[in-house]
Each structure stands twice: as structure tokens, then as C-alpha cells.
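Notes follow the structure.
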Amino acid sequence: MRFMMFMIPKVYQPDTPPGERAGEGFAPPAEAVAKMMKFNEELTKAGALIALDGLQPNSKGARVAFAGGKPKVTDGPFTEAKEVIGGYWMIQAKSKEEAVGWARCCPAADGDVIEIRQVFEMSDFPADVRKAADNPTVKAQVEKHKRS
């Protein structure tokens, strides 16, 4: 089973005091990155790591909301956001409990949160949904990026 683990760092949250929030030019401390890379290495050695990335603060992002058939674009920051994703891991695990075990080992900072969500597999869907999702062009592109 695949699981997405979302890092929700305290420094990206709107209720964090302004002086402690990630602002323009934010970079995590090198010591924290080194600890996180050791965790990522353990995921890799165990054969669990599929992909991972960190995300820029939401002040550099945009949201596209759909209402009445029309998209509306809002540039960040999103002050109404309660939780802001700072990065993710895609992992392979035998169960939700195993994925939770990995998250528990993460060298997260005080106030950080990791949300774990199982990824849908095609086999989870009924035949009509699998047929509707069968697109050779999309499959080829996804496979191409898996190999690179």
C-alpha cells in the first residue's frame, strides 16, 4: 500500500507568532535538514521511500477555486488556512500502522504535525471507474517520470 505523509510545520501555520513564521527567504536550519535526511535515508534503506519534496511557504502559492463553473485564482498567503503543508513523503508500507510507525520516527520540530493518508489504487475502484480512468497518454507520462 502507498501512503502520503504530509508535513504540516509549525512555522507555516497562521497561529504561529509572526516572528516564528516562515517568511520571505525562509530556509530550515541546516541541523534540522541533516536530521531529516537521516530519517529519509532510513526510509530508503527499508525500501519504503517512493518520493519526497519540501514545499515553499503558501505566500508563494496560489489557489484556484471553482464556483458557478468559473475558476477564481487567489494568490497566497492564505490567512484562512488552518494547516499548511510544508512537504510530503510518498511511502510504501504494509499497513496504516506501519506508516504511522514511520511518522513517529520523524525528527519533527515541536508543534509540527504529520498527516498520513492512504493512496487510492486502481484496484480500489469499480470497473466503470477503472475504465474511465484508463488513459494511455497519462499512463505513459506517469511511467516516464517514475523511471527518471
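As a summary of the residue check, PRO77 satisfies the conditions (1) touching a residue at least 12 places away in the same chain (Cβ under 8 Å); (2) assigned to a loop (DSSP other than H, G, I, E, B); (3) surrounded by fewer than 14 Cβ atoms within 10 Å (Cβ to Cβ) except for the one numbered (3).
The residues of the stretch 47-66 that are out of contact with any strand residue (DSSP E or B) (no Cβ under 9 Å at 6 or more places or on another chain) and outside any helix (DSSP H, G or I), listed by number, are GLN56, PRO57.
(1) loosely packed, with under 10 Cβ neighbours inside 10 Å; (2) among the polar types (S, T, N, Q); (3) at pLDDT 90 or above: which one isn't true of GLN118, the others all being true? Unmet condition: (1). For the stretch 1-22, taking the residues that are closer than 24 Å to SER123 by Cα and among the aliphatic types (A, V, I, L, M), the one that is surrounded by the fewest Cβ atoms within 10 Å (Cβ to Cβ) is identified as MET1.
Of the set (1) under 18 Å from the mean Cα position of the chain (by Cα); (2) small (Gly, Ala, Ser); (3) surrounded by 13 or more Cβ atoms within 10 Å (Cβ to Cβ), all apply to ALA46 but (1). Is it the case that some residue within the stretch 64-71 is out of contact with any His (no Cβ under 6 Å at 6 or more places or on another chain) and surrounded by 11 or more Cβ atoms within 10 Å (Cβ to Cβ)? Checked the stretch 64-71: no residue is out of contact with any His (no Cβ under 6 Å at 6 or more places or on another chain) and surrounded by 11 or more Cβ atoms within 10 Å (Cβ to Cβ).
Considering only residues in the stretch 23-35 that are exposed (fewer than 10 other Cβ atoms within 10 Å of the Cβ) and at pLDDT 85 or above, the one that is farthest from ASP110 (Cα to Cα) turns out to be ALA30.
Contact map, the stretch 46-74: residues that are over 27 Å from PRO14 (Cα atoms) paired with residues that are assigned to a loop (DSSP other than H, G, I, E, B) and aliphatic (A, V, I, L, M), Cβ distance under 8 Å, separation 6+ or inter-chain. Pairs shown: ALA48/ALA93.
Within the stretch 50-63, track down each residue that is of a type in the set (A, V, I, L, M, F, W, C) and surrounded by 12 or more Cβ atoms within 10 Å (Cβ to Cβ).
Start the filter on the stretch 50-63 by keeping residues that are of a type in the set (A, V, I, L, M, F, W, C), which leaves 50-52, 55, 62.
Within the stretch 50-63, ILE50, ALA51, LEU52, LEU55 qualify.
The values are calculated or read from the model by the stated rules, or taken from the named source; none is laboratory data. Because the structure is predicted, anything quoted here is derived from the model rather than measured. Positions of Cβ are backbone-derived with ideal geometry, glycine not excepted, and every protein chain shown enters the neighbour counts.
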